[in-house]
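A.B. asks: Would you mind keeping the following structure in view while I ask a few things?
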Amino acid sequence: MYTQQYGQSFRKHLRAILLSTRYVTRVRLVAPPARCFDSSHFPGLWRAMSPTMVEHNSLDIMCLNKYCNSSSSSSSSENDKKIWTKLKLNLAEDYPRKNAEILSGQYGTNVLMIGAALMLALAHHSPSVKEDHLLSFITSLMILQLVWMLWYMLVRSRHRNTRTEKDVHATTCWIRGGLTLLALLSMIMDVFRIGYYVGYQSCVSAVLGVYPVIHASHTIAQVHFLWFHIKDVIKSFETFERFGVIHAVFTNLLLWSNGVMSEAEHFLNNHKRRLSALGYGNLTIVHTEPLCNCTTSTCAMFSSSLYYLYPFNIEYHIFVSAMLFVMWKNIGRTIDLSSNQKRLATKTQGLTLGPILGLVALASTIGILVVYITHVEGSVQTRRSAISMFYIYGIVMLVFMCSACASGLLIYRADHIPPDTSKNPSRQLDTELLFGSSIGSWFMSWCSIIAVLGASSSPPYRWTNLTYSLLVVLEKCIQNLFIIESLYRRQDDAGRGDPELVASPEIFSVTSSLSKPYNGIFTRAYDTPDRACVAMETEQQESGQVYKCPRKPSEVPVPFGTQVVNTPNIKRQILKNISVFLIMCNISLWILPAFGCRPQYENGLEQEAFGFSIWTTTLNFAVPLNLFYRMHSVASLFEVFRRI
């Protein structure tokens, strides 16, 4: 009893002494010890008065002041050690992945640079580098990609029971269907190449016969890979798979570059022939025909038909490389399940004006193409009228496209919906490709503007060329803004009013499909309000009172012979019509340059300002990018149409 009273009084005095000092910040005293308070039971009593922390059974005193450095330094050092250890662990986890990304990217870039060097030497017609060397290099790359794809598909077939994560945003069925159609046309081009080789096999290299066979096999295997594996998120053999995927990306880029170079050389030779026919001299026309006679009667048909199929082959390879790049970015990625969900089927209700105007634009495009090709090789007056017709048609088309994009942006400004900031490599790549491919058309347009303003001659299409070039710059700016804002716009599924979206009966439920409702005594009224309401309604009816439960729209009985009409969203219908119209217009503007309607070669204004070699080099750079921009805009606008 005495010891307990002594202990309590001692604790009171100790607390008063410690609280009176200006250095103490925290004192925590709990129940006194059960044993006697003698000096043997307090070995740390005097240390408690020093600037440290002493723990003895129930006594816990912390003293922090400017002289108290041991505890703070020890705690800070421990925190530093923890932070450093955590940082080393993070670096150890991310280091192999970053290394694999950098090394695989450098490998693919160097593969592309080797092919580009061979193509430049071949374009210069150097005797040291021939077409056989370039085709042999590309063939070896395709064989290596074939081996990797077969290995990947065999590994996946052996682990078919293991669930593989997939990125639903990587591609869609309609994109893969379009790529399958382009692949079919590419294989027809391979058949023409084989026929061309058979006719000239006595005097050409065997590589010209092996290349189309390997390319056809590569196309078939790659289409199968795109249909069944392009959405895979690879989590095993990540380093090896990164090299395999990036090899496929740059192999397709090299095939695209080879097609672009062959098509540009073909158009350049035709342009030189027309200039020679008009009396321009000092133009060297390169003849690429073999030095022997064809053994069949179809060699000329095969040779001329190849160039009509080049645009499809070019678009096929550039789109495949973009899709494979998305797969490369997805390797080792953790998928966000909340945003990785399939969207509802797109409705076509209210699509009238957009498809009609788009079909009119497409039909007029085909007419302009036929008239231009037939008149551009005629007399000087006929050629000038054909060029003027093209520019007037382009001005009308671009004005309508700018108006449509501006209307869509105004509708978006009226609805204040926050952007979707979730991580999506496919959407990010779409945005980067839109900007990157716009550079070629912008550069070509500004060259035309400078040439028109500084021209000494004044042909009839001079100022229409200026207006057309300015509208090209403006149209791409507005269309890029419309597409990007549509892709990054958060979808308001709650306001759609679609009959497929059934309202959830739960009130306080976050994941009602994952957990069963708790029918306890406290939550029954909240968890099952309908049953509670029905019970109340029954009791009221039994007591003679009238009470009606509030019904959902889907539960209200509808009289026989009547139909429930959903009020369509006018803004959404307008945006869908705008998207369809822009899709058809971009297809039209892709058809014209892809099949030979390129007045930049013919008008003479830019050639007068920049010279023949500089201007043709500019066109060889800008026209392929412009073609890819139009086709990529079609794909992006179709995605916009599905999201609306």
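The values are calculated or read from the model by the stated rules, or taken from the named source; none is laboratory data. It should be emphasised that the depicted structure is a prediction, and the values quoted were computed from it without experimental measurement. In this analysis, Cβ positions are derived from the backbone assuming ideal geometry, glycine residues included, and neighbour counts consider all displayed protein chains. Accessible surface areas use protein heavy atoms only, side chains included; no ligands, DNA or RNA. Shrake-Rupley method; radii C 1.70, N 1.55, O 1.52, S 1.80 Å.
A.B. asks: How large is Rg/Rh for region 387-473, to two decimals, with Cα atoms and a Kirkwood Rh? Please list the in-between numbers first.
C.D. replies: On the way: Rg = 17.5 Å, Rh = 15.7 Å.
Answer for region 387-473: 1.12.
A.B. asks: Rolling a 1.4 angstrom probe over the protein chains, ignoring ligands and nucleic acids, what is the accessible area of ARG156 in square angstrom, nearest 10?
C.D. replies: ARG156 exposes around 40 Å² with every protein chain in place.
A.B. asks: I would also like to ask the following. For region 167-248, what does the alpha-carbon gyration tensor say about shape, rounded, prolate or oblate, given a ≥ b ≥ c as the root eigenvalues, a/c under 1.5 as rounded, and a/b over b/c as prolate? It would help to have the intermediate numbers written out before the result.
C.D. replies: Values: a/c = 5.05, a/b = 1.87, b/c = 2.70.
Taking the square roots of the gyration eigenvalues as a ≥ b ≥ c, region 167-248 is oblate.
A.B. asks: Anything over 23 Å Cα to Cα? Flag those among LYS231/LYS423; LYS231/LYS576; LYS166/LYS423; LYS166/LYS576, in the order listed.
C.D. replies: Working: LYS231/LYS423 16 Å; LYS231/LYS576 27 Å; LYS166/LYS423 14 Å; LYS166/LYS576 28 Å.
Beyond 23 Å between Cα atoms: LYS231/LYS576; LYS166/LYS576.
A.B. asks: Ordered by packing density, taken as the mean number of other Cβ atoms within 10 Å over each peptide's residues, highest first, how do 231-237, 201-207, 221-227 rank?
C.D. replies: Values: 231-237: 16.4, 201-207: 13.9, 221-227: 18.7.
With the highest mean Cβ count within 10 Å placed first, the list reads 221-227, 231-237, 201-207.
A.B. asks: Size of the dipole of region 100-195 about the Cα centre, Lys and Arg at +1 and Asp and Glu at -1 on the beta carbon, nothing else charged, in debye to 20?
C.D. replies: On the way: 8 positive and 6 negative charges, 92 e Å.
About 440 debye.
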